[in-house]
Each structure stands twice: as C-alpha cells, then as structure tokens.
1. Among Ala41, Ala15, Ala45, which is surrounded by 14 or more Cβ atoms within 10 Å (Cβ to Cβ) and touching a residue at least 60 places away in the same chain (Cβ under 8 Å)?
2. Confirm whether Lys54 is closer than 22 Å to Glu77 by Cα, in contact with a strand residue (DSSP E or B) (Cβ under 9 Å, 6 or more places away or on another chain) and at pLDDT below 95.
3. Restricting to segment 35-80, give me the number of residues that are under 13 Å from the mean Cα position of the chain (by Cα), part of a strand (DSSP E or B) and under 21 Å from Ala21 (Cβ atoms).
4. Somewhere in segment 69-88, is a residue modelled with pLDDT under 95, buried (at least 18 other Cβ atoms within 10 Å of the Cβ) and in contact with a strand residue (DSSP E or B) (Cβ under 7 Å, 6 or more places away or on another chain)?
5. Identify the residue in segment 57-68 that is of a type in the set (Ser, Thr, Tyr) and either within 14 Å of Ala15 (Cβ to Cβ) or touching a strand residue (DSSP E or B) at 6+ places or on another chain (Cβ under 9 Å) (or both) and, among all such residues, is surrounded by the most Cβ atoms within 10 Å (Cβ to Cβ).
6. Identify the residue in segment 1-27 that is of a type in the set (A, V, I, L, M, F, W, C) and in a helix (DSSP H, G or I) and, among all such residues, is farthest from His75 (Cα to Cα).
7. Among (1) touching an Asp or Glu at 6+ places or on another chain (Cβ under 9 Å); (2) in a strand (DSSP E or B), which single condition is Phe30 missing?
Amino acid sequence: MIEEANALLTKIQGADIKVGAKAGEGDKIFGSVNSIQVAEAIKAATGSEVDRKKVGLKESTVKKLGTYTATVRLHKEVEGEFEFEVVAE
C-alpha cells in the first residue's frame, strides 16, 4: 500500500492540476476554492480519486486566481505537497 501511495503522490505532483472558478475584476473569484474542488481537480488530472479529507490547503482561503500549494496525505507514512492553479472559467 505504501508503494501505491508513493506512486499516486508522484503522479499528483507531476500533474497539471487546475481548478476552475468564476472570476471578476482584479482576479478575485466569487466565493473561494476548497478541498472538495481540489480533490475533484486531482481526479480530473490524474484519473485517481483522493478523499477530500486528505487534501489540505496551505492558504487559509483561496480567493484569487493564481498558483497555490496544497498537501495530500495518502497513507500515514506518505504525505507530500503539490501545486494547483486556480483559473478563470
């Protein structure tokens, strides 16, 4: 299981993960991005499902377009960071 988790982590870290959001002036998005949306973006980019509870955002709130860092815990011994981008829909 640890090998599978490490392989998935490598896949996530190498993926181009994009979260679409409606944006207004100044690159501000309507609402904010949460772990559910990031987990869905991981599934779309990698084809692998990750429980939203295992995804943690480094920023307290993501309310602008741009690149952010998040963490994912796939196993008690396998945790890592990855970047995702919030883009306008």
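The values are calculated or read from the model by the stated rules, or taken from the named source; none is laboratory data. Note that this is a predicted model, so its numbers are computed, not measured. As a convention, Cβ positions derive from the backbone with ideal geometry for all residues, glycine included, and neighbour counts pool all protein chains shown.
1. Residue meeting the stated conditions: Ala15.
2. no
3. Of the residues in that region, 11 qualify.
4. No, segment 69-88 has no match at all.
5. Top of the filtered list is Tyr68.
6. For segment 1-27, the residue satisfying everything is Ile12.
7. Against the list (1) touching an Asp or Glu at 6+ places or on another chain (Cβ under 9 Å); (2) in a strand (DSSP E or B), Phe30 comes up short only on (1).
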